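Worksheet: the structure to be examined is printed underneath.
What follows is calculated from the coordinates using simple rules that are stated; it is not laboratory data. The structure presented is a predicted model; accordingly, all values stated were derived computationally and were not measured. Here the Cβ is made from the backbone with ideal geometry for all residues, glycine too, and neighbour counts use every protein chain on show.
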Amino acid sequence: MSDNASKTIDTKDPDELLAPTPGLSGGVRSASKHDSGPKHVAGEAVYVDDILEPFGTLHLAPGAANIAHGRITKMDLSKVRSAPGVVCVLTADDVPGVNDVSPAHTHDDPVLPDGIVQFYGQPVFCVAAETREQARNAVKLAEIEYEELPAILSVKEALEKQQFVAPPHVMAQGDAKSALARAKHRRSGVMEIGGQDHFYLEGQITFAIPQEDGDVLLHCSTQHPSEVQHNIANVLGRPANAVTVEVRRMGGGFGGKETQASQWAALAAIVAVKTGRPAKMRLDRDDDMVMTGKRHDFIVEYDVGFDDDGRICGLDIQYAANCGFSADLSAAICDRAMFHTDNAYFLGDVEIRSYRCKTNLVSNTAFRGFGGPQGMVAIERIIDEIAMTIGRDPLDVRIANYYGTTDRNTTPYHMTVEDNVLPELTDDILASCDYRKRRKEIDAFNAESPVIKRGLSITPVKFGISFTTTFLNQAGALIHIYQDGSVHLNHGGTEMGQGLFIKVAQVVAEEFQIDLDRIKITATNTGKVPNTSATAASSGADMNGMAARDAAMTIKSRLIAFAAEKYGVVEAAVRFAPGRVIVGDVTELEFADLVKQAYLARVSLSATGYYATPKIHYDRETASGRPFYYFAYGMACSEVMIDTLTGEYKATRVDISHDVGRSLNPAIDRGQIEGGFIQGMGWLTSEELWWDDAGRLRTHAPSTYKIPACSDRPEDFRLELWSSGRNVEKTIHRSKAVGEPPLMLAISVHRAIADAIASVGDYKVIPMLNAPATPEAVLNAVANVAKGMIAQSHDAVPAAGE
Ligand code: MTE
Ligand code: MOS
């Protein structure tokens, strides 16, 4: 039990449950399997493309620009229109309402561009035909001419030319400049961090079904049904109540469907309303990779000051992010990179600057961690450089820089860190992963092994939970109980594989003390719960779990009042136990019996629920406040092996301890941690996005874009939910968000690779390893470190850039 937690625990409080309630199947804390698990593996889970198509369904295909920037001077689509099977062809002129689907009302995301092309692959028209094949064939018949305009294809160039999608932003504490001037040691450097394609298994898709009066129902693979609803209403020039969006599940979203489902939904909706026929817009993999935004690539420049113990006393850091052609969520994403500059460390006097660069590339968007990972990768490399500079073990430098509990505990955005469990969590993982012993073994191994080198690194994660845009932190739910006692559950969160639906259902099962199989989990639908936020920022279970519990408690209190009156007892004498309700000392009823009686006595068995996250506030003008309700913590120790002749590597052993508070569902949480870690590892190692000089993405399929395969899972993978985890804040059953934080545990793999490379130079030359650390990058870094050894002077630690 963690110290900060043990004293005040009220064991009667259901939130403090340590284990599943005996006799209840599928309440909180139980490792219930994902509700769709069996259907996933049997191929029976219904995704949008599996919905039976009504007769007359049309199929859409987008027509893409083949320049990065320019004016359309001629667009002759006559051959497209007369191609076999074509029913209609859309251009910007066919958008009945507002030609924009930008999420933050920046008006820079046209459904189809009106005259100006902004990236290679941007859809400029769209074909609807009787079959998909016909639509795709017709697209090729377009005759389009352009007047090319100069294209900006890199962050570097955009920064030089001061091209931004949003104004630069600064966050500061103290006086970084004078702190740096006073510092005993000082280092500066540049790090390039690559982007990442979401590579969800199910690509972007919307199936639009026309309704009466020109209304439309959209089955859409989106993390944000309400935003799609509002955007499509605007595009159609109709009120929001004319559009209904339904999402049963996504085949993965990972942030890529937080905003970027709207464009495809808009095209399908326009066709459906225009033709009166169902219309399906499904991107194939290549189109999806070319036409939808990714994780932002970053260039980070830093100047850090530190003392003999490696303690940071001043930091000046600048982020330049590749936002692509439009703002999308870039402002908030770049803010989150700034919020996570510190990761787990007290930075002292610090100035953080962020530039949101505009390029003629696809508009980048949310991706698991939402900019946070980019900020954290940079500081972890900085810490390693500090350690090498002063000749200390990086672990000790990390610990020396951890936030304190009573002092050294304010973040660069002036929030006090109140829940820092990292010192304890670090002790726990160190006891089980044998870091110090293995460090010695690895040194000995490397000294004897000229070609194969081993590397080891242990890195922490501290990740802020809440949307940093405060108003988004709200959620709603809807529960009905039918006369037979079966429950219909709905809320604003969406299911993308992360297990949100099962967790929320477990919360409701616990509240009513009924088995999980009494609860029907239903598709997210804007007609049931309105004005929801995206399922994002890892806060799905925190918020929707609370909203659903609120709804359940409303009905429960009606049932209690009814039972108390009927049986002549005080309300406190009515108790819900597994499967039954105990009234006073003598009466015991089945849950379903009580429900039936309540119905007959005209008690409402339906309720909505609502939740707004407490305590949070943030003033962006002054860059200060308490943007996060709490932090999620974790730590990973990764060991790798590299081949210095080929640059190839593998992760041989990984130990993870991650704090999920008190887990709502340990099976789901383990899945999230493992999946997040592997996805992060892919980002930092093998996944490389590559555009040619024309701005054309050349890595647009799995043949050239390498996501981790099963064989990349570390041979020895030891994953623990941190046993002392408990949220000090009153979150749903004291759990913590788990969706994004584990991705950043993978930074340890990148750092372990750098450590193995450093061994080539006897740890005297700093490998300035960028991300991703592809085999090519590793080979270059090895060569540079070897060169650095030869050139090494005696009074300075040289750095070997790529
Ligand atoms: N896990 C799976 N299997 N599929 C996904 O698409 N998305 C991640 C994470 N885990 C994702 C996932 C992202 S980016 C977020 S923000 C959270 O899940 C969202 O869900 P939650 O808030 O319910 O954790
Ligand atoms: Mo997750 S990047 O917040 O959708």
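Please compute the alpha carbon radius of gyration of segment 479-545, then divide it by the globular-protein estimate 2.2 N^0.38 Å. Two decimals is fine.
Working: Rg = 11.8 Å, N = 67, 2.2 N^0.38 = 10.9 Å.
Cα Rg divided by the expected 2.2 N^0.38 Å: 1.08.
Have a look at Thr416, Gly369, Pro394 and report the one farthest towards the positive end of the charge dipole of segment 366-421, computed about the Cα centre with Cβ charges (Lys/Arg +1, Asp/Glu -1). About the Cα centre, the residue reaching furthest to the positive side is Gly369.
Computed over Cα pairs, the Kirkwood radius of segment 460-610 leads via Stokes-Einstein (0.890 mPa s, 25 °C) to a diffusion coefficient of 152 µm² per second. Since only Asn343, Gln318, Asn446 are under comparison, the one whose Cα sits farthest along the positive direction of the charge dipole of the chain, derived from C-beta charges on Lys, Arg, Asp and Glu, is Asn343. Decide, for segment 355-405, between rounded, prolate and oblate: order the square roots of the alpha carbon gyration tensor eigenvalues as a ≥ b ≥ c, take rounded if a/c falls under 1.5, and otherwise choose prolate if a/b is larger than b/c, else oblate. Prolate, since a/c reaches 1.5 and a/b exceeds b/c. Along its principal axes, segment 639-685 has C-alpha extents of 47, 18, 13 angstrom, given from the largest down. Shape class of segment 611-695 from the Cα gyration tensor (axes a ≥ b ≥ c, square roots of the eigenvalues): oblate, since a/c reaches 1.5 or more and a/b does not exceed b/c.
Our note on the geometry: Cα centres of segment 683-718 and segment 307-327, 25 Å apart. Relative to the Cα centre, the charge distribution of segment 347-393, modelled as +1 at Lys and Arg Cβ and -1 at Asp and Glu Cβ, gives a dipole magnitude of about 380 debye. By the compact-protein rule of thumb, 2.2 N^0.38 Å, the alpha-carbon radius of gyration of segment 560-702 corresponds to a ratio of 1.92. When both bridge partners sit in the chain, DSSP labels roughly 80% of those beta bridges antiparallel.
Evaluate the chain: find the radius of gyration of its Cα atoms, find its Kirkwood radius, and give the ratio Rg to Rh. If you can, show how the numbers build up before the last one.
Working: Rg = 27.5 Å, Rh = 27.8 Å.
Rounded to two decimals, Rg over Rh is 0.99.
Using the alpha-carbon centroid of each, what span in Å lies between segment 739-794 and segment 596-652? Taking the Cα centre of each part, segment 739-794 and segment 596-652 sit 31 Å apart.
Measuring between their Cα centroids, segment 8-55 and segment 537-559 lie 15 Å from each other. Derived from the Cα gyration tensor, the three semi-axes of the equivalent ellipsoid of segment 347-462 are 30, 23, 14 Å, largest first.
How many percent of the alpha carbon pairs in segment 126-273 exceed a separation of 27 Å?
On the way: 5642 of 10878 pairs.
Value for segment 126-273: 52 percent of Cα pairs lie more than 27 Å apart.
Positive-end ranking of Pro84, His69, Thr57 along the dipole of segment 1-144, with charges on Cβ about the Cα centre, is headed by Pro84. Other residues with beta-carbon under 13 Å from the beta-carbon of Asp284 carry, at +1 per Lys or Arg and -1 per Asp or Glu, a net charge of -1.
Quick one: of Lys184/Lys294; Lys33/Lys556; Lys274/Lys706; Lys156/Lys294, which pairs are farther than 29 Å apart, Cα to Cα? Lys184/Lys294; Lys274/Lys706, as the Cα separations exceed 29 Å there. Hydrodynamic radius of segment 665-759 by the Kirkwood approach over all distinct alpha-carbon pairs: 15.8 Å. The charge dipole of the chain, taken about the Cα centre with unit charges on the Cβ atoms of Lys, Arg (+1) and Asp, Glu (-1), comes to about 700 debye, rounded to the nearest 20. Volume per residue for segment 209-355 equals 149 cubic angstrom (convex hull of Cα atoms).
How large is the charge dipole for segment 4-73, taken about the Cα centre, if only the Cβ atoms of Lys, Arg (+1) and Asp, Glu (-1) carry charge, to the nearest 20 debye?
Numbers: 6 positive and 9 negative charges, 51 e Å.
Dipole magnitude for segment 4-73 comes out near 240 debye.
For segment 292-350, the alpha carbon positions stretch 47, 18, 15 Å along the principal axes, listed from largest to smallest. Applying the criteria of a DSSP loop state and at most 14 other Cβ atoms within 10 Å to the trypsin sites (Lys or Arg not before Pro) of segment 61-169 yields Lys140, Lys161. Note on segment 1-152: along the principal axes its Cα atoms extend 73, 42, 27 Å, ordered by decreasing extent.
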